[in-house]
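S.K.: First, the structure itself, so that you have it in front of you.
The values are calculated or read from the model by the stated rules, or taken from the named source; none is laboratory data. Keep in mind the model is a prediction, meaning the values are calculated, not measured. Here the Cβ positions follow ideal geometry from the backbone for every residue, glycine too, while neighbour counts run over all protein chains shown. Calculation scope for accessible area: heavy atoms of the full protein, side chains included, ligands and nucleic acids excluded. Shrake-Rupley method; radii C 1.70, N 1.55, O 1.52, S 1.80 Å.
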Amino acid sequence: MVKSLAQKLQRSLLRSFKILLVLVLFLLFYLLFGLTEPELFRLSRTAAITLICFPVICVLMLKIYGGFPIGIKKTKEIVYSASIAVFLANAVTYLQLAIMRVNFPNRSYVKDIFTLIGIFLLQVITINLFGYLGNYLYFTVNPPAKCLFIYGDSEGLPQLVGKVAKYKKQYKICQMLDIHSADEETLHKTIRAHDSVFLYGLGETEKAHVLEYCYKHNRTTYLTPELSDIITRYSHQAIIDDTVVLESRVSGLTFEQRLVKRAMDILISGVGLLIASPIMLVEALAIKLEDHGPVFFRQPRVTKDGKTFEVLKFRTMIVDADKNNKRLASQDDDRITKVGKFLRKTRMDELPQFINILKGDMSIVGPRPEQVEITEKYVEVLPEFKYRLKVKAGLTGLAQIQGKYNTTPRDKLIFDLIYIEQYSILLDIKLILQTVKVLFKSDSTEGVIGELPEGFDEIPGHPSVEHTESQK
C-alpha cells in the first residue's frame, strides 16, 4: 500500500515536472519574441491564439517524439528528441504569427530569424538542465532494478544482455538462470529475489508458467516477442455470449486507407522532388565530376506481394563495384567514392526514391525494400519474413527509426510486423515526423551493442561476446 502511494506520488511529481518544462519553454518563446512583437503584450487576437498555439503544438510534438521520458531514456536521447520537438513547435507558432500579422508589412524577417535562433538556443539549454536534473533526481530516489535473466535457448542472448547492460542506472543484471537446470523451487526462489525478470528463448509452457508466477508476485517482466505475441497484442476484444475472446482479423488496409496513403505518397514525394531538385542537381554534378560514371544506381528490390521493381539511388560506389566480389558495404570500404561517403552519411543518396514513390513502386512509410536474393535467404531462415510483404516497401518506417544498420533481421521483422498490425494514417504521419531524428543521427553502429556487465563475460552454453568495430 505504501509502495503504491509512493509510486502515485512519483508519477504526479514527474507530470508536474514536465508541465513546468513546457511552461518555461513557452515563456522563453512568448516573452523574448514579445520584445519584437508588441501584439503579444496586448489584449489581442494574436496574443490569445499564440497563448494556445505554442503549448498545444509543443505538447503534441513532445508526444510524437517520445515525451520527456525521465527515468526511462538516457539524458542525451531525451534532450535530442525534445529539442527537435521544440524546434518544430517554434516553427509552427512563428508561422501562425506570420499569418496573423499580415497587416504589419514592415516586419524584419531577418531579425525574426535571429530572434528565433536565440530563443531556440535558450530552450535547448533549458531542456538540458531539466533532462539532467530530472534523471539525477529520479535515479537518486530509484536505484537500478535487480534483474534476473531466465533463458532456455541462449542463441543471441549475449547481445540482448549487452544492450540491457548499457542502461546501468535502470537495470542491474544480478543473475542468469538456465531454466533447464533449475527445479521449480529454485526458480521461484530466484524470481522472488529480484525486481525484474527478462525471459529469453523459453518454450510456450515455460514462458506461461514464469509469467504467471511473476504476475502473482508483482515482478516486472520483459520478453522478446514472437509473431503470435504481436498478433495477440493488436487483436480486438470481443464477447461471445458471456465469454471474452480475442479477435484478430487479417484484412490488410481498407480501401479508404489505401486511397489516403496513396494521396499522401503523391503529395509528399511531389513536394519533396520539387524542394530537393536543386540539391539533387548538385549531387548529380558532383558524382559525374568525380569519376565520370553514371549518376544513378539501380537494383531490383522486393515490394508488396513479392513484386520486384528497380530502386533508384545516387551512385555512391565505384563503377562495377560488385563485379569481382559482391558484398555488403563496410565503414571503410574502398569501393565507396569520396562523394559517396558524404551522401551515405547524410542519407542524401536516397532522394531519387521519391521517383519510385511517385511511380507507385514504394510508399513514404513501410518496410525497407530488400534485395531479391536477401529476401529469399531471410524467408528460408525466418518464414515469417514474407508477412512484411503485405504492404508496399517504404522510404522510412518503424524499423528504420527504431532500429540500426546492424539490427538483426529478426528484430527488424518484428518492427515491420508491429507497423503492419497497428497501421493507421496517424501512425504514418507520426513516423514521417520521427524520421527527422534519424536524419541528424550518426549512422555508425556497433558490431555488438553494449558490453556484458562485470562477472558475465561468458554465458553458460554460449560463447563470450566479441566486440567488433563500427560498421556502416
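S.K.: Mean Kyte-Doolittle of at least 1.0 plus a Cα span of 15 Å or more along the axis: flag which DSSP H helices in the chain meet both, please.
M.R.: On the way: long enough: 2-34 (47 Å, 1.33); 45-64 (28 Å, 1.98); 75-100 (37 Å, 1.20); 109-141 (47 Å, 1.29); 204-216 (18 Å, -0.96); 255-291 (47 Å, 0.91); 409-421 (18 Å, 0.16); 425-439 (22 Å, 1.69).
Helix filter hits for the chain: 2-34, 45-64, 75-100, 109-141, 425-439.
S.K.: If you don't mind, there's one more thing I want to ask. Quick one: ranking H292, H209 by accessible area, 1.4 Å probe, largest first, what do you get? Display every interim value, and only then the final one.
M.R.: Working: H292 140, H209 75 Å².
Ranked from most to least accessible, the order is H292, H209.
S.K.: Could you tell me the largest-minus-smallest coordinate of the C-alpha atoms of segment 80-153 on each of the three principal axes, in descending order and whole angstroms?
M.R.: 69, 30, 17
S.K.: Moving to a separate point now. What's the magnitude of the charge dipole for segment 1-127 around its Cα centre, counting Lys and Arg as +1 and Asp and Glu as -1 at the beta-carbon? Answer in Debye, nearest 20. Intermediate values should be presented prior to the final figure.
M.R.: Working: 14 positive and 4 negative charges, 110 e Å.
Result for segment 1-127 is approximately 520 debye, rounded to the nearest 20.
S.K.: Along the positive direction of the dipole of the chain (beta-carbon charges: Lys, Arg +1; Asp, Glu -1; about the Cα centre), which of I425, G34, Y138 reaches farthest?
M.R.: G34
S.K.: Still on this model: Hull surface divided by four, with the convex hull built on the Cα atoms of segment 1-151: how many nm²? Can you show the working numbers first?
M.R.: Values: hull surface 46.7 nm².
Quarter of the Cα hull surface area: 11.7 nm².
S.K.: Using the reciprocal of the averaged 1/r over all distinct C-alpha pairs, how large is the Kirkwood radius of segment 70-212 in Å? If you can, show how the numbers build up before the last one.
M.R.: On the way: mean 1/r = 0.0517 Å⁻¹.
It is 19.3 Å.
S.K.: Sticking with this one: Using 0.36 nm per residue, how much length does the chain from L5 to F296 gain when fully extended, once their Cα-Cα distance is taken away?
M.R.: Numbers: separation 291, 0.36 × 291 = 104.76 nm, distance 6.15 nm.
Stretched fully, the L5-F296 segment lengthens by 98.6 nm.
S.K.: With label points built 7 Å along Cα→Cβ from the Cα atoms of L259 and I425, find their separation and express it in nm.
M.R.: Using points 7 Å along Cα→Cβ, the separation is 1.0 nm.
S.K.: Which value in nm describes the separation of the simple spin-label points at V59 and D195, placed 7 Å from the Cα toward the beta carbon?
M.R.: 3.0
S.K.: Further question on the same structure: Hey, could you get me the Stokes-Einstein D for segment 187-262, Kirkwood radius over alpha-carbon pairs, 25 °C and 0.890 mPa s, rounded to whole µm² s⁻¹?
M.R.: On the way: Rh = 15.5 Å.
Approximately 158 µm²/s, per Stokes-Einstein.
S.K.: With unit charges on the beta carbons (Lys and Arg positive, Asp and Glu negative) and the dipole taken about the Cα centre of segment 127-232, which residue among H217, C147, P158 sits farthest to the positive side?
M.R.: Farthest towards the positive pole: C147.
S.K.: If you don't mind, there's one more thing I want to ask. Take peptides 373-379, 108-114, 78-84 and line them up by average Cβ neighbours within 10 Å, highest first, as a rough protection proxy. Working shown, then result.
M.R.: Details: 373-379: 15.0, 108-114: 10.6, 78-84: 21.9.
So the peptides 373-379, 108-114, 78-84, ranked by packing, come out 78-84, 373-379, 108-114.
S.K.: Using only the Cα atoms, work out Rg/Rh for the chain, with Rh taken as the Kirkwood radius, to two decimals. Spell out each step's value before the answer.
M.R.: Working: Rg = 25.6 Å, Rh = 25.9 Å.
Rg/Rh: 0.99.
S.K.: Could you work out the Kirkwood radius for segment 19-97, taking every pair of different alpha carbons, averaging 1/r and inverting it, reported in Å? Display every interim value, and only then the final one.
M.R.: Details: mean 1/r = 0.0766 Å⁻¹.
Result for segment 19-97, one decimal place: 13.1 Å.
S.K.: Under 19 Å from a point placed 7 Å out from the Cα of K338 along the Cα-to-Cβ direction: which residues of segment 262-294 have their backbone N that close?
M.R.: 282-294
S.K.: A follow-up question, please. Roughly what % of DSSP beta bridges within the chain run antiparallel, to the nearest 5? Before the final figure, lay out the partial values.
M.R.: Numbers: 16 of 34 bridges.
Percentage antiparallel, nearest 5: 45.
S.K.: Between T408 and L27, how high is the FRET efficiency from 1/(1 + (r/R0)^6) when r is the Cβ-Cβ distance and R₀ = 51 Å? Nearest 0.05. Write down the numbers at each step before the final one.
M.R.: Numbers: r = 45 Å, r/R0 = 0.89.
After rounding, the FRET efficiency stands at 0.65.
S.K.: Nearest 20 debye, what's the magnitude of the dipole of the chain about its Cα centre given +1 on Lys and Arg Cβ and -1 on Asp and Glu Cβ?
M.R.: Numbers: 60 positive and 51 negative charges, 407 e Å.
Dipole about the Cα centre, nearest 20: 1960 debye.
S.K.: Now a separate question. Hey, rough spin-label estimate for A284 and T205, points 7 angstrom out along Cα→Cβ, what's it come to in nanometres?
M.R.: 6.5
S.K.: Between segment 279-317 and segment 46-93, what is the C-alpha centre distance in whole Å?
M.R.: If you average the Cα positions of each part, the centres end up 36 Å apart.
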